[in-house]
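Reviewing the structure listed below.
The values are calculated or read from the model by the stated rules, or taken from the named source; none is laboratory data. What you see is a predicted model, and the numbers here were worked out from it, not measured in a lab. With ideal geometry, Cβ positions are generated from the backbone for all residues, glycine too; neighbour counts draw on all protein chains shown. For accessibility, only protein heavy atoms count, side chains too; no ligands or nucleic acids. Shrake-Rupley method; radii C 1.70, N 1.55, O 1.52, S 1.80 Å.
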Amino acid sequence: MNISDILRWKATTGTVEVFTATPTDTVRDLTRSLADHNIGALVVLEDDAVVGVISERDIVRRLGQDGAEVLERPVRDLMTTTVVSCAIGDSIDAVAETMTERRIRHMPVLDGSELVGIVSIGDVVSHRMRQLENDRGQLEHYISG
């Protein structure tokens, strides 16, 4: 199983769209986008290239540190610029391992240099649960003959 399987499943649930920000957007605008789309992170694009990722966690930590003026700062001041991404052909197990080891909750999915999706640790866990449920059903069917 690979990342394209997760993206296909997300497409069937209507959650495949990737919402993005630019480095010059304000954090206030970013928080509206997160709330409007009920998501936890945005990929930051500049000239169609992935230059960062910013999450609710990044914002909350900076708010605690610097106060409400953070909301007027540009996204570039808070975003993570060392972006770990995956490809559509990467195995789900390998991506899950990377996400766990590096404590990454959201990973952009690239096809070459083109952003085609984003997977969260929740997407990976949900896929694994569906896979286990399917395996259980097959075993029950096999046992019951």
Quick calc: nm separation of the 7 Å Cα→Cβ label points for R102 and E69 -> 3.3
Here the gain from full extension of V60 to T12, 0.36 nm per residue of separation minus their alpha-carbon distance, amounts to 14.1 nm
Here FRET efficiency (C-beta to C-beta, D48 to H141, R₀ 35 Å, nearest 0.05) is 0.15
The chain, convex hull of Cα, quarter of hull surface, nm² -> 10.0
Check: C-alpha center region 93-145 vs C-alpha center region 1-54, spacing in Å is 18
The long-range amide H neighbours of L110, using H built 1.01 Å from N in the peptide plane and a cut-off of under 5 Å, are C86, A87, I88, V116
In nm, the gap between the two label points placed 7 Å beyond Cα toward Cβ at I121 and T31 is 2.4
If one builds a Gaussian network model of the chain from Cα atoms under 10 Å apart, the most fluctuating residue listed among H106, H37, H127 is H37
Ignoring ligands and nucleic acids, V116 exposes an accessible area, probe 1.4 Å, in Å² to the nearest 10, of 50
